[in-house]
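The values are calculated or read from the model by the stated rules, or taken from the named source; none is laboratory data. Treat the numbers as computed from the prediction; the structure is a model and nothing was measured. With ideal geometry, Cβ positions are generated from the backbone for all residues, glycine too; neighbour counts draw on all protein chains shown. Surface accessibility is based on the protein's heavy atoms, side chains included, excluding ligands, DNA and RNA. Shrake-Rupley method; radii C 1.70, N 1.55, O 1.52, S 1.80 Å.
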4 protein chains.
Amino acid sequence: MNPSDSDKPVAVHDRASAQRDRILNAARQCFIEHGFHAASMASIADAADISAGLIYRYFDSKNAIILAIIERQLAEKRADIASLAPGIDFAERIVELVARWRAGDARAMNPALFLEMSALGTRDPQIGNALLAADRLTRGDFARWLRQRAERSGTTLSDSEATVRAFTLQCLIEGLALRAVREPDIGDEQVAAAMALALPTLLP
Amino acid sequence: MNPSDSDKPVAVHDRASAQRDRILNAARQCFIEHGFHAASMASIADAADISAGLIYRYFDSKNAIILAIIERQLAEKRADIASLAPGIDFAERIVELVARWRAGDARAMNPALFLEMSALGTRDPQIGNALLAADRLTRGDFARWLRQRAERSGTTLSDSEATVRAFTLQCLIEGLALRAVREPDIGDEQVAAAMALALPTLLP
Amino acid sequence: MNPSDSDKPVAVHDRASAQRDRILNAARQCFIEHGFHAASMASIADAADISAGLIYRYFDSKNAIILAIIERQLAEKRADIASLAPGIDFAERIVELVARWRAGDARAMNPALFLEMSALGTRDPQIGNALLAADRLTRGDFARWLRQRAERSGTTLSDSEATVRAFTLQCLIEGLALRAVREPDIGDEQVAAAMALALPTLLP
Amino acid sequence: MNPSDSDKPVAVHDRASAQRDRILNAARQCFIEHGFHAASMASIADAADISAGLIYRYFDSKNAIILAIIERQLAEKRADIASLAPGIDFAERIVELVARWRAGDARAMNPALFLEMSALGTRDPQIGNALLAADRLTRGDFARWLRQRAERSGTTLSDSEATVRAFTLQCLIEGLALRAVREPDIGDEQVAAAMALALPTLLP
DNA sequence: AATGAATGAGCCTTCATTCAT
DNA sequence: TATGAATGAAGGCTCATTCAT
């Protein structure tokens, strides 16, 4: 295998997807700072350190970028929540997650974006449907994990019961995301105390 | 008394604040439908059935309207939450409230607007501070009510304990607002079941 | 009748349609100078001595302006051709018309625009249909006139024969329009000689 | 003889002019479909199945391509018209030619392009001059042929008389080209009838 | 108080052209 | 020779805001 052309296609693909990533990262930052609508393509180009025109080689339109960011965000959120599950120290994990949200950890969902895209879903059906689908996935993840956890602790949880708990957990955690946006300097202890209060009834 | 100016001061004031209200109602509708940024002054003028120029006699700028809407929204939210307190059937009240949110009841807070302005608070310090202040008020309301309720049932609740519960309730209820936006056709029963699950530990 | 408000509606309408006219005249000039595509909205605004944004109060888009210009042009062409008919000195009239075309008389059809919009009709079905309809009208006008003329001179002309002559006249005259574009300094005599040669067989 | 460079000069030249042709064919198609201005270099590159950058090795600019296309078109038109001359069945030949124009025969002049470039000649002096020169050639061809034809039929035709007839024929035939563009579904019979009517006075 | 015409900055997007590879 | 990524200058259009009436 000739190395000089064996990985050419890969290289080409890498370049393109690296550029896409570069643009998406820049866009994410701009959207966080100014909102989807107020962030201009020029500002994204600036942040990505490329020319404005070049963006259109990688994305059809600003809207396509917004969509891509939203999908990323949904994936990040799913991952964030998946990261809660494994252990036993559930409350502690949530505290950490909220702290990352508040800190603006670039690898986690951004809560302000999360709110804005939720509002957007109200007006744009395509986005609305994507959100709906993602929410159902998340709830399913949660319910599944709760039943496993129940099993592990020797009890059982009916499907519907698991779903109600998952729903409630979702409300609680997203409510925390909202708090993280509106009161960015709330302390970890407050979050921890709230979790200590609410979780016992929700977890099997 | 000269009839032509007898009640002018009052009339003028009435007229002016009626106009302001007219504009704010129109703006609210436009903001709900298109978002703060995408709603144009022209569309607001249209909805208010006045000319675009006239708006500037009552508001300095579009931003001033947004601010006014946000303040209204915050008041509505406080009222919404105050309406929860009085009775004993707290869960039922929440279900009703969420139903009104989902239905787009014009006299209640609009949840999509609530999300969007929360995101906006991230970028505009003036808004951020207004939200912070409102949240503290709400939490105070909640805590006070919880302590009264505790007293009424013969127990006591420390200040800090009341605050934690208030915080948790806030997360839960705002989480429900978010759900109302993202899953507008969730049933009342799901909300009721979630409340039945979560409230017992939170209420004294 | 109070004169100060009796003609207000008229005044209002006048203003708007005066502005539309102002814009169309400017657009016509720009289109003649640069072509439909190459003329910019900014150049039209400049020529009309108004701001670029204002144009959009009177026209939906650049395309709407092009359409309006084309319709105007078609009307002008029909009028140009109608002006040929009345007299007996048909050849002379044609010579005059071609002279006006060559001179760029603002009240007559502009032959360069005529060519460009004919080409455009190939690509834009809306324009294509408008042209087709206008051409049929013109041919009808011509045929009707030929039959009247025949009658007046004591002969008759069948419908189909009149149509063929009308078609031939159309080709000849439009061919002259093309010549006016491509050889703007051809002399009147050449046109007159050509007409003297061709018309006898075509006119009854 | 070293096979690797034996026929290089020829090959290179062939290659280069083949590429030029390839590009011009693609450009012609694009120009017909979208017009000179609206056709993009990218679309031409696509149609030619080469990269956009490569075009610039063979042509200095888009304008150079337009110029080349126009020159080609003028040659095609001259050939089209030359093809009319040889026989006696002149009318029939014209009918055939118009049919080819309407059908978009790739080897004949394209009438929509013909119109567009005529309009362009109004604005770009270089093009205007090229058109003028071509028209004079065509008229000369025509006049020469008319005189030969006269001779053959035993009469004579003065230079100026031949020129007037040539001019008139040109108008008629170009008028037909215009008709071919604007009424693409006119029947051959109509064209034939028109020719039967008009030609007798024009041909010796 | 009220209108709506007018402005002009700024936005998204396209495209001819260049250049490193 | 050939590619296609990259640029940057326009271009069409929208919109908050102002102002003469």
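Computed quantities for the displayed model
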item	result
Residue-by-residue Karplus 3J(HN,Hα) for segment B:154-166, coefficients 6.51, -1.76, 1.60, Hz, glycine and proline x	x, 10, 10, 9, 5, 3, 5, 5, 4, 5, 4, 4, 4
Between 0 and 90°, nearest 10: helix C:8-34 axis offset from chain C longest Cα axis	60 degrees
Averaged over B:117-129, number of beta-carbon atoms from partner chains that fall within 10 Å	5
Solvent-accessible surface (1.4 angstrom probe) belonging to D:Trp145, in square angstrom, nearest 10	20 Å²
10 Å Cβ neighbours from other chains, averaged over peptide D:186-195	3
Helix-only [θ]222 nm of chain D, DSSP H runs n ≥ 4, -39500 (n - 2.57) each, per residue, nearest 500	-26500 deg cm²/dmol
Distance between modelled label sites at D:Ala196 and A:Ala85, nm, 7 Å Cα→Cβ extension	8.6 nm
Other protein chain Cβ atoms within 10 Å, averaged over every residue that makes up B:156-165	2
Computed magnitude of the charge dipole of the protein assembly as shown (debye, nearest 20; Cβ of K, R +1, Cβ of D, E -1)	20 debye
Inter-part distance where segment D:102-123 and segment A:124-162 are each reduced to a Cα centre, Å	66 Å
Charged-residue dipole, Cβ positions (Lys, Arg, Asp, Glu), segment B:85-196 about Cα centre, Debye nearest 20	280 debye
Eligible aspartates and glutamates near B:Lys77 by straight Cα distance, threshold 15 Å, same-chain separation 8 or greater	B:Glu96, B:Asp105, B:Glu116, B:Asp135, B:Asp141, B:Glu174
Dipole moment magnitude, nearest 20 debye, segment D:8-137 about Cα centre, only Lys, Arg, Asp, Glu C-beta charged	320 debye
